[in-house]
């Protein structure tokens, strides 16, 4: 992707999602088969590629360097004006910084965890030209946590949500969804809801950000995931997006697929 094809996102909004995996080529084969993605080389070297749906960039996939203890996982990234300031805010509010801040290609980023252990990242720089909440966006984000309002305060203070800056993010409560909703420019860019259990021995039940990809046929995608060596949880009804299912890829990366609502 050339620099001309990138844009500078609004601070505070989710701006990208990325998978860190142990075998880049195997991951490309799995996600290409299951979700129909194609892959192109990114700007970060041979160990990183960008997934596309048609001409639209969807996500990044990077290979974990040998010897690093990084967990295979899908991670959402939020745009910030200054990555060092955001890292300091995370630490001041009881979160942890796992990686960074470091320079990565055309920008600077860091990976962190909130007070309940949900992993996320943040990015200073240009990104592919799409954002969550637009009709063309291929993904959505939902945080499942033990305390949605406490988590909303944490992220609002780190990313400047509800700062009343022109064009910034607004935070509200959606009664029908029973969720805290983050909006920017009239678009929902993330939701935060209860249901996570920080004490659970099951990693899928502990607080985490669900990276959710929209699909046309949920049954077809889940069958393809099983055939390609993935594990699939039973479909459930989402208050916001209709039916969805959680999939674990063969290397352990967990993501959610959701059917377009009728």
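The values are calculated or read from the model by the stated rules, or taken from the named source; none is laboratory data. Not measured: the values here are computed from a predicted model. Positions of Cβ are backbone-derived with ideal geometry, glycine not excepted, and every protein chain shown enters the neighbour counts.
Side notes on the structure shown:
- Within the range 215-240, the set of residues being touching a residue at least 24 places away in the same chain (Cβ under 8 Å), over 22 Å from residue 26 (Cα atoms) and surrounded by fewer than 17 Cβ atoms within 10 Å (Cβ to Cβ) comprises 216, 217, 239.
- Residue selection: residue 162 fails the criterion of being in a loop (DSSP other than H, G, I, E, B) and loosely packed, with under 14 Cβ neighbours inside 10 Å.
- The range 160-187: number of residues that are in contact with a helix residue (DSSP H, G or I) (Cβ under 7 Å, 6 or more places away or on another chain) and within 17 Å of residue 10 (Cβ to Cβ): 3
- Among residues of the range 42-55 being part of a strand (DSSP E or B) and more than 20 Å from residue 72 (Cα to Cα), the one that is modelled with the lowest pLDDT is 53.
- Within the range 242-258, the set of residues being touching a helix residue (DSSP H, G or I) at 6+ places or on another chain (Cβ under 7 Å) and in contact (Cβ under 8 Å) with a residue 40 or more places away in the chain comprises 247, 249, 250, 251, 257.
- The range 74-110: number of residues that are outside any helix (DSSP H, G or I) and on the phi < 0 side of the Ramachandran plot: 24
- Subset of the range 56-79 that is in contact with a helix residue (DSSP H, G or I) (Cβ under 6 Å, 6 or more places away or on another chain) and within 20 Å of residue 247 (Cα to Cα) - its residue that is modelled with the lowest pLDDT: 63
- Lone unmet requirement of (1) part of a loop (DSSP other than H, G, I, E, B); (2) closer than 30 Å to residue 56 by Cβ; (3) out of contact with any strand residue (DSSP E or B) (no Cβ under 7 Å at 6 or more places or on another chain); (4) at pLDDT 85 or above for residue 167: (4)
- Hits in the range 1-27 (condition: more than 18 Å from the chain's Cα centre (by Cα), modelled with pLDDT of 90 or more and surrounded by 14 or more Cβ atoms within 10 Å (Cβ to Cβ)): 22, 23, 24, 26
- Residue satisfying condition, being out of contact with any helix residue (DSSP H, G or I) (no Cβ under 7 Å at 6 or more places or on another chain) and surrounded by fewer than 18 Cβ atoms within 10 Å (Cβ to Cβ), within set 139, 190, 88, 118: 88
- Filter pass, residue 34 being at pLDDT 90 or above, crowded, with 17+ Cβ neighbours inside 10 Å and assigned to a helix (DSSP H, G or I): yes
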